[in-house]
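Report on one structure; see the data block that follows.
Values quoted throughout were computed directly from the atomic coordinates according to the rules given, and no laboratory measurement underlies them. Please read these numbers as outputs of a predicted model, since none were measured by experiment. All Cβ positions, even for glycine, are placed from backbone atoms using ideal geometry, and neighbour counts span all protein chains on display.
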Amino acid sequence: MALAVEGLVCIRGERQLFHDLDFRLASGEALLLRGPNGSGKSSLLRLLAGFLPPAAGRVLWDGMAVAEDAEAHRARLYYLGHQDAIKPQLTAEDNLLFWARLIGQPAAEAARQTAAALEAAGLHRQRRLPGRYLSAGQKRRLALARLLVTPAALWLLDEPTNALDSEAVAWLGSLLAGHRRRGGIVLLASHVPVPLPDARVLDLPEGVLA
């Protein structure tokens with residue numbers, strides 16, 4: 001299992017954010033995206049998720065261009081952007097159940113995984129609370145809890161520590177570590193330190209990979 005980009009170019013409006021970008025990540029590896037606002041971190045994640053087309057270059061999964069089967073690529077990834085994608089009228093529990101059932105989980109298994117994810121996220125007591133009443137930190141934890149009910153090989157996370165306290169950041173670190181132990185791949189954009197040891201680093205817009 002491997003993700004690779006070859007000669008990637010991203011243009012937004014009339015501005016080129018990055019060009020001739022190349023890297024490869026194998027199972028268990030992580031890449032930390034760094035750079036100032038507007039450097040292209042979010043655009044790169046959206047491009048890898050298939051939400052934006054590259055101006056040039058290719059994104060490959062196990063050597064095959066993801067554009068050849070966009071549906072299969074969407075099924076193998078989880079994208080978390082700046083918005084938490086929490087339905088305000090649904091309870092915390094029903095928000096997770098919705099996503100678990102959407103990927104075809106049987107009702108009983110979806111309920112079991114949802115309960116376990118809410119417990120892990122520290123949201124068991126808020127499980128009956130509509131999404132609109134959750135705090136910013138609780139909404140972020142609920143969005144991250146989706147990682148536990150919608151398994152995906154590739155995690156694309158944009159500023160995932162937003163609104164999280166230190167305990168929740170430590171929990172995120174355990175999620176990231178567990179995913180990598182299972183062979184998953186992580187790309188994470190952040191302005192602040194994150195618990196992602198041994199991650200490679202890509203500084204944008206310079207395009208320097210370490």
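Between helix 107-120 and the chain there is an angle of about 80 degrees, using the helix long axis and the longest principal axis of the Cα atoms. As a rough footprinting exposure proxy, the listed residues S190, S174, S43 were ranked by other beta carbons within 10 Å of their own, and the order from fewest upward is S174, S190, S43. Applying a DSSP loop filter and a limit of 10 other Cβ atoms within 10 Å to the trypsin sites (Lys or Arg not before Pro) in region 109-165 leaves R128. Once the Cα-Cα distance is subtracted from the 0.36 nm per residue extended length, the V192 to A136 segment shows a gain of 18.4 nm.
Under a point-charge model restricted to the Cβ atoms of Lys and Arg (+1) and Asp and Glu (-1), what is the dipole moment magnitude of the chain relative to its Cα centre, in debye to the nearest 20?
Values: 24 positive and 21 negative charges, 145 e Å.
Result for the chain is approximately 700 debye, rounded to the nearest 20.
Once the Cα-Cα distance is subtracted from the 0.36 nm per residue extended length, the S174 to A108 segment shows a gain of 21.2 nm. Between L188, L157, L129, the GNM of the chain built on Cα springs shorter than 10 angstrom shows L129 fluctuating the most. The distance from the alpha carbon centre of region 50-127 to that of region 28-48 is 19 Å, rounded to a whole number.
Among the GluC sites (Glu not before Pro) within region 13-77, which fall in a DSSP loop and have no more than 13 other Cβ atoms within 10 Å of their own Cβ? Loop-located and lightly packed - E14.
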